[in-house]
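What follows is a set of notes on a single structure, which appears directly below.
The values are calculated or read from the model by the stated rules, or taken from the named source; none is laboratory data. Nothing here was measured: the structure is a model prediction, and the numbers come from that model. Please note: Cβ atoms are built from the backbone with ideal geometry, for glycine as well, and neighbour counts cover all protein chains shown.
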Amino acid sequence: MRLRLCHVNEIVDDRLLAEMPDSGDPVLVIRDAQGVHVVDALCPHQYAPLLGGELADGILTCPMHHWRFDVRTGQSPDMPVCLQRWDAIVDDGWVWLTGDD
Ligand code: FES
């Protein structure tokens, strides 16, 4: 699978709310020193939008109840919950979702 998600220039202030090309579901694109990460735009707890969450050292904190997620793995460092994430690469300025079909 290889789906074009967005252009890197669309990512402003380290993040972008985008839509999955196949479903239209919202996803959060995050750019940091480690690269580009694509995660669910909604918190798995009570579905708060994560776009406004604090991001520090790869840890995204939900603005509603402060659950934390590592955007590189989706795992919470605090509890056994996981934020859905997708493999992504940057190629020729575009962010692509990759992975098995
Ligand atoms: S909705 Fe995100 S921690 Fe509760």
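One table, with the values for the structure above:
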| read-out | value |
| --- | --- |
| Filtered residue count, the stretch 31-48, keeping only those that are within 16 Å of the ligand (Cβ to nearest atom), outside any loop (DSSP other than H, G, I, E, B) and touching a residue at least 24 places away in the same chain (Cβ under 8 Å) | 2 |
| Qualifying positions in the stretch 64-85 - away from the ligand (no atom under 14 Å from the Cβ), buried (at least 18 other Cβ atoms within 10 Å of the Cβ) and assigned to a strand (DSSP E or B) | Asp70, Arg85 |
| The stretch 49-63, subset buried (at least 18 other Cβ atoms within 10 Å of the Cβ) and assigned to a loop (DSSP other than H, G, I, E, B), residue nearest to the chain's Cα centre (by Cα) | Leu50 |
| Some residue of the stretch 49-63 being within 12 Å of the ligand (Cβ to nearest atom), more than 14 Å from Arg15 (Cβ to Cβ), modelled with pLDDT of 95 or more and out of contact with any Lys or Arg (no Cβ under 9 Å at 6 or more places or on another chain) | no |
